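Reading through the structure tokens given below for one structure.
Nothing in this text is a laboratory measurement; each read-out follows from the coordinates by a stated rule. If you're wondering where the values come from, they're calculated on a predicted model, not measured in any experiment. As a convention, Cβ positions derive from the backbone with ideal geometry for all residues, glycine included, and neighbour counts pool all protein chains shown.
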Amino acid sequence: MSEQNCLFCKIVAGEMPAEKVFEDARAVAFRDVNPQAPTHVLVIPRAHLESLDDAAQTDESLLGHLLRVAARVANSEGLSESGYRTVVNTGADAGQSVLHIHVHLLGGRPLAWPPG
Ligand code: AMP
């Protein structure tokens, strides 16, 4: 998918509405439209990167930043003590439906393991 047609690039650009909960120079976090838990936030890089499988060595800092943002949002959502899950679906078998890398932050209820 090209950046022009990328849904999450449009959210980053402000061309698509989203309930943003955090943003900085490298990342944006917003609530998932189809939440699977009381807190379900997506953390994405501003720059288009299709999936974890496309990440290069130069993306290592960015990938770490996405996780740190997820932890920061989890803390602001009051999840630090109860716990939360971060998930990066990659490719068809994992059910990745939006081809712009995103970290799911899920919390606010007990989360079963293993996932489906
Ligand atoms: P994945 O299946 O891992 O690619 O996750 C994509 C996620 O994006 C799903 O949980 C969708 O509910 C969510 N999603 C799709 N469109 C939007 C949107 N416009 N705003 C917020 N979340 C979205």
From the Cα centre of segment 64-116 to that of segment 33-49, the distance in Å is 8
The chain: longest segment with zero exposed GluC sites (Glu not before Pro), where exposed means DSSP loop plus at most 15 other C-beta atoms within 10 Å, is residues 20-80
Relative to the chain, whose Cα atoms define the longest principal axis, helix 60-76 and its Cα axis are tilted in degrees, nearest 10, by 40
Projected onto their principal axes, the Cα atoms of the chain stretch, largest extent first, over whole-Å spans of 38, 29, 28
